[in-house]
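Below is one structure; the comments refer to it alone.
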Amino acid sequence: MFQKGLAAFLLLLFACATDTPEHETHTPSSSLVQKAPFTKLIIHAAFAPGMEPPETMIEVVEDSIQALIQKPEGVSVERFEELDPAQPKEEWALEELDQLVDQVSASTPQDTSTQHVYVLFLDGTLTEPSRAGGTRLGFAWGSDRIVIFRQAILDLCQSLTFSTEEEQKRKKACQIAGTEVWIHELGHLLGLVDNGLPMQVDHKDPDHGHHDMDPACVMYWAKDKELLIDEVKSRIEAGKDDSAWFCDHCQEDVLAAQQTED
């Protein structure tokens, strides 16, 4: 049953976009929510110099995905050494990002029971602009690839103004925003929203592609766009400094896929 659904899932893996997919791939892979044949999932965080994600961000992402995906041998996030070549770039073509992922993959031990996801932390942005406008903060493509434009997040956070404890709150805003972009893009690789995993109830935003209609959900369309920074600022000013999480409907979609497999 679920195996049959997997074939459809593979053909529906799209890059994150707000209206229609801006990139489309057909890379064969097992669903990340399956317990078999891959019994372990490793998320590799590779970064350009100065773009390394803080340990607190890694811990939050790891805890979040472990709570959502039940792999028999677990889910972990591992740091990769600095990327090479490491020169700063203002724009990245998708082919260049693929080359960086291949560099990480080639240095990663492979076995038949472990599935891998590769996350790049870079400066610059994609050569293709976001159809929603504004600065793009992250992007998922294929079945195992994510890029997070950490320098863009850092720059936007540094432009924030707070009445008190400004530097501390800017740092907190960067951590929250970076974490949410990362989890958001992982959600797309999982098949959310209606991007391979069947919805248990309709919660897809009809105006913004494979995104949730709930602004509080981490799969909301603005969670990887420039608008996220101001929204995080408002939350911090209101005394709310936790990262957004998958809404109940998104969790139900993942759980249903796992139960179907069982």
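A short reminder: the numbers here are calculations on the coordinates, not readings from a lab. In this text, all values refer to a predicted model and were calculated from it rather than measured experimentally. Note that each Cβ is placed from the backbone with ideal geometry, even for glycine, and that neighbours are counted across all protein chains shown.
Structure notes:
- Proxy reagent accessibility, fewest Cβ within 10 Å first, across 125, 161: 161, 125
- Take the Cα of residue 207, step 7 Å toward its Cβ, do the same at residue 256, and the gap between the two points is 2.5 nm.
- Hydrodynamic radius (Kirkwood) for the stretch 196-262, which is based on Cα pairs only, to one decimal in Å: 13.1 Å
- Size check on the stretch 124-185: the Cα extents along the three principal axes, sorted descending, read 42, 21, 17 Å.
- Applying 0.36 nm per residue to the separation of residue 76 and residue 112 and subtracting their alpha-carbon distance, the gain on full extension is 11.3 nm.
- Neighbourhood net charge (12 Å Cβ-Cβ; Lys/Arg +1, Asp/Glu -1) for residue 101: -4
- Working value for the stretch 65-182: equivalent-ellipsoid semi-axes of 27, 20, 13 Å, each the square root of 5 times a Cα gyration tensor eigenvalue, largest first.
- For the stretch 101-178, the share of DSSP beta bridges that are antiparallel, to the nearest 5, is 45%.
- Anchor residue 169: lysines whose Cα lies under 24 Å away (excluding residues fewer than 8 positions away in-chain): 223, 225, 233, 240
- Exposure proxy ranking, count of Cβ atoms within 10 Å, fewest first, for 202, 230, 253: 202, 230, 253
- As a rough guide to protection, the peptides 212-224, 166-178, 107-119 ranked by mean Cβ packing within 10 Å, highest first, stand as 212-224, 166-178, 107-119.
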